[in-house]
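Reading through the structure tokens given below for one structure.
The values are calculated or read from the model by the stated rules, or taken from the named source; none is laboratory data. Note that this is a predicted model, so its numbers are computed, not measured. For neighbour counting, all protein chains shown are included, and Cβ atoms are generated from backbone atoms with ideal geometry for every residue, glycine included. Just the protein is used for accessible areas: all its heavy atoms, side chains included, with ligands, DNA and RNA removed. Shrake-Rupley method; radii C 1.70, N 1.55, O 1.52, S 1.80 Å.
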Amino acid sequence: MMIAPSNDQLKVWYTTNIEDALALFEKQAPHKTSLIYSNWETLPYLSLADNLYLGVPRKMRKVKNNYEFFQLLGFDPSILRRPLEDISRFQQLRLAILQQLLREPEQLLFVDVTENLSINETQELLHLVYQVLDKQPIKALFLTQNASFANSLQQVIQSTQPSKKP
């Protein structure tokens, strides 16, 4: 069974210019929005755990306080002991989502995150986002230059709207 978020929780914007769309979003955005890009920016001299917890409140840095987030994104906390070089691109994207969730935002903004993902990874990402939206009081917006992805996601969103009766 696929979990489908409500219409006000998930949105998709198609754009041909990411910079202009981000500028427009900044004017309309809630104050606590976390951006997630396709490439997780890390500091090479820090461990995976140190990179994950950058900018995260102290209370959320203990695994016992955030174990639910690890589970939600399909991770065992032992992943934090692995070298960053051993983490796949898709795992890095999931870690970026985990990092942003630990920062307790009101909304996640996914900026062209599907550009380097396979179809299976894109489907898995959507499933993970749906699970997050089901379990957390948060919203998500996908900002994309991929017209096919935007159209497909918009169809999913519209299919979850309650039907209007005359």
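Residue-level analysis places E106 outside the set of residues that are within 26 Å of L22 (Cβ to Cβ), open to solvent by 10 Å² or more (accessible area, probe 1.4 Å) and in contact with a Phe, Trp or Tyr (Cβ under 7 Å, 6 or more places away or on another chain). Scoring H127 on the criteria (1) assigned to a helix (DSSP H, G or I); (2) over 20 Å from Q145 (Cβ atoms); (3) open to solvent by less than 20 Å² (accessible area, probe 1.4 Å) leaves a single failure, condition (3). The selection criterion, being modelled with pLDDT under 90, within 17 Å of the chain's Cα centre (by Cα) and not β-branched (V, I, T), does not hold for N65. Within the option set Y67, Y37, Y14, being touching a Ser or Thr at 6+ places or on another chain (Cβ under 8 Å) and of a type in the set (F, W, Y) holds for one residue only, Y14. From the list Q100, Q161, Q154, exactly one residue is over 30 Å from D50 (Cβ atoms) and either open to solvent by less than 80 Å² (accessible area, probe 1.4 Å) or modelled with pLDDT of 95 or more (or both). Which is it? The conditions single out Q154. Within the range 124-163, the set of residues being closer than 26 Å to D20 by Cα, within 13 Å of the chain's Cα centre (by Cα) and of a type in the set (A, V, I, L, M, F, W, C) comprises L125, L126, V129, I138, A140, L141, F142, L143. Within the range 79-97, track down each residue that is open to solvent by 50 Å² or more (accessible area, probe 1.4 Å) and either over 21 Å from R58 (Cβ atoms) or of a type in the set (F, W, Y) (or both). Across the range 79-97, the qualifying residues are R82, P83, E85, D86, S88, R89.
Comparison of K11, K32 shows that the only residue that is closer than 24 Å to T122 by Cβ and of a type in the set (D, E, K, R) is K11. Considering each residue of the range 111-123 in turn, at least one proves to be surrounded by fewer than 16 Cβ atoms within 10 Å (Cβ to Cβ), over 10 Å from the mean Cα position of the chain (by Cα), closer than 26 Å to K32 by Cα and touching a residue at least 60 places away in the same chain (Cβ under 8 Å).
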